[in-house]
Structure formats: structure tokens, C-alpha cells
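Q: My questions all concern the structure below.
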Amino acid sequence: MSRRSPNRPTDAELEILRVLWKRGKSSVREVHEELNLARPGGYTTALKLLQIMTDKGLVRRDEEARAHLYEAVESREGTQSKLVRDLAERAFGGSAAELVQRALSERPASAEDLASIRSLIDELERRGQ
């Protein structure tokens, strides 16, 4: 039995959220066209997913315009934070160290990424976290 939170986006929903974070308020047609650049799919699939996402509280629909416009309820950073916290808790027993170690061991990090990580660690140490 899945323990998926009702507000945790699926992979397909995350693709749509990425479009909305990039474009801002968008019609179903605009979302569909953007998704089709990466992987062809049906208009009705995009519409159905946006309807489900509205019910889940992931997006809000502005019904004022002739073509309904959708926008993400939460920012990209807010959604990522929730997903990382959930993953850390479920897969790593809440250990940030294990999560970061696994992430870095699974995919090579660029010098730029490592410098950014070092900078974040330095900042957290300065703040006493």
C-alpha cells in the first residue's frame, strides 16, 4: 500500500509544475505545447492532470479569462523542500548526511556544484546549524 501524500506531486505532475514555474500562469494549451517539446502527449491528458492537480491543491485555476489559466500554488523551492524532507525522512531516517552522501555518490558533481555545496555548508556553520 502506497504512503503517497495526497499533495505530493507525481512525476507527470512535477513536469507540469516545472512548466508553470517557468512560464507563470498558463492555459492548458500552453502547458500542453511546452510538454510536447520534450515528449509528445495528448491535450486531454494535460487537461485531466491539471484538473487533478487543482483538486490536490497543487495548482489554482483562474476562471476569469475565456481560457482558464493555471498557476502553481507553491514555489519551486517550497515544493522541492517538502519533497527533500519527505525523502530524507522515509528513505534515510531523517539523516541529511546520508541523503547528501548518497546523492553525491550516485551522480558526479561538477566543480561548480561542489563549490556551491561548500558555500552552503560554510553558511550553515556560521549560523550555527
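Q: Residue by residue through region 88-129, note down the ones that are among the hydroxyl-bearing types (S, T, Y) and in a loop (DSSP other than H, G, I, E, B).
A: Listed by number, the residues that qualify are S95, S110.
Q: A further question follows. Restricting attention to region 39-48, does a residue exist that is closer than 30 Å to I121 by Cα, surrounded by 14 or more Cβ atoms within 10 Å (Cβ to Cβ) and over 17 Å from the mean Cα position of the chain (by Cα)?
A: no
Q: Taking region 49-74 only, how many residues are open to solvent by 60 Å² or more (accessible area, probe 1.4 Å) and aliphatic (A, V, I, L, M)?
A: 2
Q: Right, another one. In region 86-97, which residues are out of contact with any helix residue (DSSP H, G or I) (no Cβ under 9 Å at 6 or more places or on another chain), loosely packed, with under 13 Cβ neighbours inside 10 Å and at negative phi?
A: E89, R90, A97
Condition check ((1) over 22 Å from R18 (Cα atoms); (2) open to solvent by less than 80 Å² (accessible area, probe 1.4 Å)) across all residues:
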site: L99; (1), (2): yes, yes
site: A103; (1), (2): no, yes
site: E106; (1), (2): yes, no
site: E112; (1), (2): yes, no
site: A115; (1), (2): yes, yes
site: L120; (1), (2): yes, no
site: E123; (1), (2): yes, yes
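The values are calculated or read from the model by the stated rules, or taken from the named source; none is laboratory data. Note that the structure is a prediction, hence the values are computed from the model and not measured. Cβ: placed from backbone, ideal geometry, glycine included. Neighbour counts: every protein chain shown. Each accessible area value is taken on the protein alone, full model and side chains, heavy atoms only, with ligands, DNA and RNA left out. Shrake-Rupley method; radii C 1.70, N 1.55, O 1.52, S 1.80 Å.
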